[in-house]
Amino acid sequence: MKTAIQVNNRINHLFKHKSRNILSVYFTAGYPRIEDTRPTIEALSACGVDLIEIGIPFSDPVADGPTIQASSQTALDNGMTLAKLFTQIKDIRKSVDIPLILMGYVNPILQFGLEEFCKNARSAGIDGLIVPDLPMQEYLEQYKVLFDQNALHNIFLISPQTSPERIRLIDENTDGFIYMVSSASITGAKSGITPEQERYFERINAMSLKNPTLIGFGISNKATFDKACAYARGAIIGSAFIKSLDKEKDLKGSITDFMHTIK
Amino acid sequence: MQYKVDKNGYYGNFGGAFIPEMLYPNVEELRQNYLAIMEDPSFQQEFKALLSDYVGRPSPLYLAQRLSEHFGARVYLKREDLNHTGAHKINNTIGQILLAQRLGKKRIIAETGAGQHGVATATVCALMGIDCVVYMGEVDIHRQKPNVERMKLLGAKVVPALSGSKTLKDATNEAMRHWINNPVDTHYIIGSVVGPHPYPDMVARFQSVISEEMIWQLEEKEGRKSPDYIVACVGGGSNAAGSYYHYMDDPAVKLVAAEAGGEGIKSGKSAATTFLGKPGVLHGSKTLLMQTQDGQVVEPHSISAGLDYPGIGPLHAHLFDAGRARFISITDAEAMKAGILLCKLEGIIPAIESAHAIAALNKMELADADVLVINLSGRGDKDLETYIKWGGY
């Protein structure tokens, strides 16, 4: 059953008003320094990024490559927690209007308390969640009601191995966009887009899904971003952005410099 | 009360398959096929033939006379230490390699802590002529050098896990990442009753050959099919699952699990998950997990590398939750003392993991007529250096 598009959610609004070249950036909260979370969001927004994924650090991120593993560990060593994150972004809607998504593994969310987590996310003005190790069935039975009550879109991933039937099922249960993992890989694993990947992107496009797609994993520079944008509404950059950050360097300057290389 | 896995992959409140979508096709392929493959007569025939002629099963059930006198009960040792490669781990790797072949997989990956599961995996890969990659924490590679060389000698590639704490949990993370990167032709042989459904159930079924043999062995020796107690150590819990399996639904059989207390439950250097853990999600299942208040996984400690894991299998979390099994925490010192005791009384050098199970008897109230089976899950050759360093014998 098709639900009416909720234009009050910033994710839906973005996809309604921008048709292509949507740039989403992932970063790890509390990295490189614990106090960098909010300035990073503000600097990315000022650079014209369309959507931001705020990574919740976890000790055992199985879907992530070395770069995000290391940034997560640094953030945890900095003392980053979910409670601190919600404090840092409490007033973020006073300065930032673009859609914000929290991305993190299920265990820290469970320990914080699912209901508490959803309420805090809502009051901070978060629009969506990506929980890579939350299975769809579990989501539908245990999480969806709370996510919906707090106007949080759950964003699912698909990969080249995801069957067409399952992609349909995911499409049916998604509002916002579908996160298309570019290849069989963890984050930050590959550079360049192969003809095989292009065939996969074309195959998904031919399915005419009701939700738009963004391509992520392995999008590291202008060339891969542009190529991904030829097959989807936009793309997500994570590891490459994190690599450009350094606690010794000026945060805003580093972010502006990196974004100039993409846009 | 139901102790076996339900149709959703849960044991009570624990279990499930919390995996990234990228792994869903692999795990789903396994879930859809594992029971049919395992129940196929040709599979059973091949599995049983290898267990008998290659592993050396059945493993003896040995009435340990002097140990019995010492503890004041009839104490049997289920001699998994006499298996090929020196532990129960091979029961599972034989089963999984046959299953991987039937799924058409061409490569095998595995994680290992102490190296026992890595050696058992490298062994069956050599036997079948299949490429094998074993992930092992860099810290463990230095702690368990002989097993690293054994794996290499058997033709496996050993890859150091350099992330996180560089131990078993990180080796497991790396193996899962490798599987995400190689989803089509690779099978991941998990070494314990952990991981996403169907792994805990599949591994428990392969290890259940232990309790299956105990039934007829006890009947031969004691004229009864079931003991009063089964005692096993629990890290992830595969040897405990295998020795409990056929007795779980019989409340007359008391199940005892020895956990690694490390330097003491309150020392901050422990691996006693049921005492220190809370429900959480790691490596694909919801289970009891040692973690911080913020849900970050805590690095455990045990003198025994095979018990040095921050979680337990979801089956064991359920047995604990339901009060079906009694969990006893055994410190490093208590385990070493019990290991040395077994050497002196029975001429058997146990793996330090298994020594935890023996030590548990000191904390049980036993009657002379009680029949106990201790699952002696592995032999202590690999631990010689630890015994030497510990001294006191």
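Could you tell me how many of the residues in the range B:170-181 are open to solvent by 10 Å² or more (accessible area, probe 1.4 Å) and farther than 23 Å from B:I94 by Cβ?
Residues meeting the conditions: 2.
Counting only residues that are among the aromatic types (F, W, Y) and either in a strand (DSSP E or B) or within 8 Å of another protein chain (Cβ to nearest Cβ) (or both), how many does the range B:167-192 have?
Residues in the range B:167-192 being among the aromatic types (F, W, Y) and either in a strand (DSSP E or B) or within 8 Å of another protein chain (Cβ to nearest Cβ) (or both): 1 in total.
Can you tell which of B:A338, B:A351, B:A360 is of a type in the set (A, V, I, L, M) and free of Cβ contacts under 8 Å to residues at least 60 places away in the same chain?
Among B:A338, B:A351, B:A360, only B:A338 is of a type in the set (A, V, I, L, M) and free of Cβ contacts under 8 Å to residues at least 60 places away in the same chain.
Cβ-Cβ below 8 Å, separation at least six or inter-chain, first residue in the range A:124-141 and open to solvent by less than 20 Å² (accessible area, probe 1.4 Å), second at pLDDT 95 or above and of a type in the set (K, R): which pairs?
Partner pairs satisfying both residue conditions: A:A124/A:K90; A:A124/A:R93; A:G125/A:R93; A:D127/A:R10.
Among the residues in the range A:116-131, are any within 14 Å of chain B (Cβ to nearest Cβ) and closer than 26 Å to A:T224 by Cα?
yes
What do you reckon, is B:S238 in contact with a Gly (Cβ under 8 Å, 6 or more places away or on another chain), within 24 Å of B:E299 (Cβ to Cβ) and open to solvent by less than 10 Å² (accessible area, probe 1.4 Å)?
yes
In the range A:73-102, which residues are within 10 Å of another protein chain (Cβ to nearest Cβ) and in contact with an Asp or Glu (Cβ under 6 Å, 6 or more places away or on another chain)?
A:T81
I'm told A:V106 meets every condition in (1) in contact (Cβ under 8 Å) with a residue 60 or more places away in the chain; (2) open to solvent by less than 10 Å² (accessible area, probe 1.4 Å); (3) under 23 Å from B:I19 (Cβ atoms) except one. Can you identify the failing condition by its number?
(1) is the only condition that A:V106 fails.
Out of B:G339, B:G391, report the one residue that is open to solvent by less than 50 Å² (accessible area, probe 1.4 Å), of a type in the set (G, A, S) and under 22 Å from the mean Cα position of the chain (by Cα).
Checking each option against the conditions leaves just B:G339.
Could you please find all residues in the range A:177-236 being open to solvent by less than 60 Å² (accessible area, probe 1.4 Å) and part of a helix (DSSP H, G or I)?
Matches in the range A:177-236: A:Q197, A:E198, A:Y200, A:F201, A:I204, A:T224, A:F225, A:A228, A:C229.
Answer with yes or no whether B:L276 is away from chain A (no Cβ under 14 Å), within 18 Å of the chain's Cα centre (by Cα) and either surrounded by fewer than 18 Cβ atoms within 10 Å (Cβ to Cβ) or at pLDDT 95 or above (or both).
no
Within the range A:110-123, can you find the residues that are open to solvent by 10 Å² or more (accessible area, probe 1.4 Å) and part of a helix (DSSP H, G or I)?
The answer is A:L110, A:Q111, A:F112, A:L114, A:E115, A:E116, A:K119, A:N120, A:R122, A:S123.
What is the residue count in the range A:14-37 for residues that are under 19 Å from A:A83 (Cβ atoms), open to solvent by less than 10 Å² (accessible area, probe 1.4 Å) and of a type in the set (V, I, T)?
2
Going through the range A:43-101 one residue at a time, which ones are part of a loop (DSSP other than H, G, I, E, B) and basic (K, R)?
Scanning the range A:43-101 gives a single hit, A:K90.
Looking at the range B:137-157, can you tell me whether even one residue there is away from chain A (no Cβ under 13 Å), in contact (Cβ under 8 Å) with a residue 12 or more places away in the chain, of a type in the set (V, I, T) and crowded, with 22+ Cβ neighbours inside 10 Å?
yes
Which residues, counting only those in the range A:159-172, are of a type outside the set (A, V, I, L, M), more than 10 Å from chain B (Cβ to nearest Cβ) and open to solvent by 40 Å² or more (accessible area, probe 1.4 Å)?
Selection gives A:P164, A:E165, A:R168, A:E172.
Collect the residues in the range A:173-187 that are away from chain B (no Cβ under 11 Å) and of a type outside the set (S, T, N, Q), keeping them in residue-number order.
Within the range A:173-187, A:D175, A:G176, A:F177 meet the criteria.
For the range B:16-26, indicate whether the set of residues that are touching a residue at least 60 places away in the same chain (Cβ under 8 Å), over 30 Å from B:T274 (Cα atoms) and in contact with a helix residue (DSSP H, G or I) (Cβ under 8 Å, 6 or more places away or on another chain) is non-empty.
yes
The values are calculated or read from the model by the stated rules, or taken from the named source; none is laboratory data. All of these numbers come straight from a predicted model, not from anything done at the bench. No Cβ is skipped: glycine too gets one built from the backbone with ideal geometry, and neighbour counts run over all protein chains shown. Areas reflect the complete protein model, heavy atoms only, side chains present, ligands, DNA and RNA absent. Shrake-Rupley method; radii C 1.70, N 1.55, O 1.52, S 1.80 Å.
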